[in-house]
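The values are calculated or read from the model by the stated rules, or taken from the named source; none is laboratory data. Everything numeric here is computed off the predicted structure, so don't read it as measured data. Using ideal geometry, Cβ is built from the backbone for each residue, glycine included, and neighbour counts are taken over all protein chains shown. Accessible surface areas use protein heavy atoms only, side chains included; no ligands, DNA or RNA. Shrake-Rupley method; radii C 1.70, N 1.55, O 1.52, S 1.80 Å.
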Amino acid sequence: MNSYKFPDDFMWGVATSSYQIEGATTEAGRKPSVWDTFSANPGKVLHDDTGAVACDHYHRYETDIKLMAQLGVKHYRFSIAWPRIIPEGRGKVNEAGIDFYRRLVDCLHQHNITPHATLFHWDSPQALEDLYGSWRSREMAKDFADYVSTLVSMLGDRITNWMTINEIPCFTHLAYAVNSDPLHAPGTRVETQKEVWQTSHNALLAHGLATQAIRAASPSNCFISLVDNISVTVPISETPENIKAAQQAFHLCEQNGGIIFPALTGAYSPALLESLGNAAPDIQSGDLEIIHQPIDSIGLNIYSGTYVQARDNAIHPYRDRQPGYEFLSFPVGYPKMYMPWLNIIPESIYWGIRHIGETVGRKDLPLFISESGCAAQDQVNHQDKVIDTDRIMYLRQYFKAAHRAISEGYPLKGYFVWSFMDNFEWSYGYDHRFGLVYIDYQTQQRLPKASFDWYRQCISQNRVV
Ligand code: GCO
């Protein structure tokens, strides 16, 4: 009965993001984000879906929060849309935008749910794209910090858990590309790989400046995290050789060596910089100090990983040398969820956490799983139910891996399931459902799935059921 028990203060939560759920994109002074523009461009998003209506959460947040209360979560991670707060990206503040988030947060508090606000989940103001090319410019980091400062001074009486930026690689390395059309907004083609690396460097600066801005503007003691989607290297078996191989390989994945290392240690991984050569970003003096601000925890978004094994004579896939390990490709029949990239690797939770402690060397830093979950081909059956046993299977295994990390002493403090409800899955539109709650997009009806009931039982018993 007591198997897989979690610590008493473990934080169970759910996560969403503004553009994926809110809709109401032209209401109450909001101006377009790069995702409005990108998704309105035919052929960019599956079925040409856009976030114009999404889950209509902007109007239905009270219903949604009541459902969260029924689920029993005490923690909700959502994001704030910059173009609602400062519609032109810089300058005039839109009171109506602030007011929406005040109402949302007050409603959460009424239901005893703690808000965890992400300040940027990819919906940057289109006006800044038009003005200077968004993340291609260092100006973006300054404008972001100004927006954050305004927001925290106005909402800091109600919110004390802040997450600066969500998944830097996704709105930089997936949004700017050389010789191909990027999958994510703004979808800009650039001339060189160095320009791509400059966008993520500018985003790291934005994280650092925002962290300083939050500390300066918050009226009370607050908690700040960065949210990142590290590449998790998982040893094929846990022999000392394979573990060492997974650690070496972890360094050299670009989004690890080039993002989590500078953010958490103040230096890009030297091996990665060497391999980038001319493609490495320009780093001005003082940048790394700004980027490496003290933060209170790290949020990891973990869905999958890559298996690695030791092999003396392996050739590194990108470099002509023998690194002592190899990345393993997935066999054709490897089990996956309903997403091309979503191979099922429960141990990626455990290894992601362990790599932050051992490989990055930040054993001291509390961690959250700030997103984890899966897409499934959910169907409403003839009894009006969605019986998503596949999602339950997935989450059950991932929770067990989180439990293992805690039982070995890693400071994992909470777990936010992605996602509370089905939503706009970026370039996959509405086709790939990640929710615990099913959304009927014709009627906007909410239907809790079987995984919702299962998660409710986990939360109420504080263990994996
Ligand atoms: C991300 C984002 C989410 C996604 C989720 C499923 O990780 O890409 O943070 O917005 O919807 O991860 O792909």
Open to solvent by 20 Å² or more (accessible area, probe 1.4 Å), in contact (Cβ under 8 Å) with a residue 40 or more places away in the chain and within 21 Å of N462 (Cα to Cα), is that true of K74? yes
Taking the condition surrounded by fewer than 17 Cβ atoms within 10 Å (Cβ to Cβ) and touching a Leu at 6+ places or on another chain (Cβ under 6 Å), does L183 pass? yes
Give me a count of the residues in segment 23-35 that are within 16 Å of the ligand (Cβ to nearest atom) and either open to solvent by 10 Å² or more (accessible area, probe 1.4 Å) or farther than 29 Å from N112 by Cβ (or both). 3
Hand me the list of helices (runs of 4 or more DSSP H) wholly inside segment 1-106 holding 2 or more residues that are of a type in the set (K, R). 57-71
Only one of (1) in contact (Cβ under 8 Å) with a residue 12 or more places away in the chain; (2) within 16 Å of the ligand (Cβ to nearest atom) fails for L174. Which number is that? (1)
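Taking strands (runs of 3 or more DSSP E) that fall entirely within segment 355-445, which contain at least 3 residues that are under 17 Å from the mean Cα position of the chain (by Cα) and within 16 Å of the ligand (Cβ to nearest atom)?
In segment 355-445, 367-372, 412-418 are the strands (runs of 3 or more DSSP E) which contain 3 or more residues that are under 17 Å from the mean Cα position of the chain (by Cα) and within 16 Å of the ligand (Cβ to nearest atom).
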Filter result (at positive phi and open to solvent by less than 60 Å² (accessible area, probe 1.4 Å)) within segment 36-48: none
Residue tally, condition touching a strand residue (DSSP E or B) at 6+ places or on another chain (Cβ under 7 Å) and charged (D, E, K, R), over segment 1-33: 2
Those strands (runs of 3 or more DSSP E) lying entirely in segment 215-328 with at least 3 residues buried (at least 20 other Cβ atoms within 10 Å of the Cβ) and either free of Cβ contacts under 8 Å to residues at least 40 places away in the same chain or within 16 Å of the ligand (Cβ to nearest atom) (or both): 223-228, 297-301
Sole exception among (1) of a type in the set (V, I, T); (2) more than 16 Å from the ligand (Cβ to nearest atom); (3) surrounded by 13 or more Cβ atoms within 10 Å (Cβ to Cβ) for V332, by number: (3)
Any chance R215 is under 30 Å from G414 (Cβ atoms) and among the basic types (K, R): yes
Can you name every residue in segment 401-429 that is among the polar types (S, T, N, Q) and either at pLDDT below 95 or open to solvent by 10 Å² or more (accessible area, probe 1.4 Å) (or both)? S407, S427
